[in-house]
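A short worksheet on the structure shown next.
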């Protein structure tokens, strides 16, 4: 019994991240396929490649056309992203960015969504140096939690921190804390995010099978030892 528990736990540690990654890819594929217009490639255009009028042939052409539409959409998006990124390094790119910011900030509802999404994108996809240093704050007496500096300061001098939840760091709280109540940490953003995402079990320096909590399984056959009277007794924990 001890061996199958250990094998099952080891297999779950390996297969769990793989299944989650595959599901994320499947979800992203379905999202892009739903947003990709059918005008890019119609299924009828693949009739010379997959002839026939049966239901199976029609379904195969439609699935292949959808896959090719996703590939084309991702390729165009990647090329467009690189082109815009290269343009942003020029003077023209800076002028275009300021023009878009001015237009978006003139619309009452759009400016809130635009500025929030732009700040989130700059934090997530910007340079590593733009990510703020993680800190610890004492939320209750004797209880500390990991937070991240946003680089913002209130009018009365308080630091604006983001306090993420675990294991979903996309939700959390924005708190304003006095600078003397913040404990600086001698670690980078990756270490802190690893700890929060893994619910406290992960270690950024030890990934893979050595990370997390060790699984100790006691063999039932070795858990019993004969006492002096010849009867079996269980070892004390």
| request: Give me 176, 184 ranked fewest to most by other Cβ atoms within 10 Å of their Cβ, as a rough exposure proxy. | output: 184, 176
| message | Suppose the chain between residue 50 and residue 29 were pulled fully straight at 0.36 nm per residue; how much longer would it get relative to their current alpha carbon spacing? | response | 5.3 nm
| Relative contact order for segment 130-199: what is it in percent, counting Cα pairs under 8 Å that are at least 6 residues apart? | 32
| said: Run the simple label-point estimate for residue 86 and residue 136 please: 7 Å along Cα→C-beta, distance reported in nm. | reply: 4.8
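Over segment 130-199, what per residue volume does the convex hull of the Cα atoms give, in whole Å³? Could the numbers behind the result be given before it?
Working: hull volume 6.5 nm³, N = 70.
Convex hull volume per residue, Cα atoms: 93 Å³.
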| said: Please compute the length gained on full extension between residue 58 and residue 178, using 0.36 nm multiplied by the number of residues separating them and subtracting their Cα-Cα distance. | reply: 36.7 nm
| message | If each residue of separation counts as 0.36 nm, what is the full-extension length gain between residue 116 and residue 10 once their alpha-carbon separation is subtracted? | response | 34.0 nm
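Values quoted throughout were computed directly from the atomic coordinates according to the rules given, and no laboratory measurement underlies them. Quick caveat, the model's predicted, so the values are computed rather than measured. No Cβ is skipped: glycine too gets one built from the backbone with ideal geometry, and neighbour counts run over all protein chains shown.
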